[in-house]
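Every number in this text was worked out from the coordinates using simple rules, so none of it is lab data. From a predicted model like this one, the values you see are computed outputs, not experimental measurements. Every residue, glycine among them, receives a Cβ derived from its backbone with ideal geometry; neighbour counts consider all protein chains shown.
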Amino acid sequence: MKRKIKEEIVSVGKRLYERRLNGGYGGNISVLDEGVIYITPSGVPKDELDYSEIIVMDFKGNVIEGQGKPSSEMLFHILLYKERADIKAIIHAHPPLATGFAIARHPITEAVHEEAAVLLGKVPVLPYEVTSSKELAKNVSEAFKNANAVLLANHGVITVGETLEKAFRRMEELENLCEMLLVADALGGAKKIPLKKLLKLFELMRVREGKIKI
Ligand SMILES: [Zn+2]
């Protein structure tokens with residue numbers, strides 16, 4: 001299997017940790033390549049991962065390569081890859097500000113910042129379901145029909161991308177957006193980008209209709 005993909009996953013795990021987007025044990029990262037899923041193992045902190053520990057598995061969760069067990073949350077990774085053909089990478093993390101929004105059941109429904117509007121679109125909050133459960137995986141795969149980032153109540157965040165880098169940028173952008181919203185809130189509340197200009201922005205960015213809905 002491809003060492004380069006395993007090294008990319010390790011690198012993103014370290015970046016998530018270093019930028020305070022994830023605690024060591026929390027979260028998981030996967031990449032789909034040539035019909036198999038590369039995924040972080042269960043029980044290894046993301047800041048201490050070695051590329052040799054990345055698990056390669058099939059769509060049934062059978063390990064093809066690697067010593068440990070795939071992430072216990074592998075189910076929603078599998079369902080998401082089945083659900084949307086454009087998704088090639090998934091990151092689940094527990095960034096403190098965005099997770100705070102998830103704990104408060106506070107979805108992001110308005111376009112208040114250019115880059116966030118283009119990269120993220122609307123970010124819903126899914127009801128709380130126990131980690132690794134079938135119910136959680138089902139809710140996640142349903143929500144991602146219309147989203148690229150989702151908040152999980154009392155748990156964390158999932159972002160997706162056509163590349164691992166894009167999924168990472170979405171995670172980073174979402175955490176930044178939550179910080180901006182908190183500041184705006186303290187200063188009287190966030191104001192929306194006017195709809196007409198938002199549409200102009202999307203045109204400018206050549207965002208395909210239907211991919212990001214605001
Ligand atoms: Zn989790």
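Numerical summary
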read-out	value
Kyte-Doolittle mean at least -0.5, axial Cα span of 18 Å or more - DSSP H helices of the chain	164-186
Förster radius 35 Å - calculated FRET efficiency between M1 and E110 (Cβ-Cβ, nearest 0.05)	0.25
T131-L195 FRET efficiency (beta carbon distance; Förster radius 41 Å; 0.05 resolution)	0.60
Neighbour cut-off at most 16 other Cβ (10 Å), DSSP loop, trypsin sites (Lys or Arg not before Pro), segment 57-160	K60, R84, R105
Pairwise centroid distance, computed over Cα atoms, of segment 75-102 with segment 159-197, Å	16
Distance (nanometres) between label positions extended 7 Å along Cα→Cβ at S11 and K138	3.9
Neighbour cut-off at most 11 other Cβ (10 Å), DSSP loop, GluC sites (Glu not before Pro), segment 1-82	E34
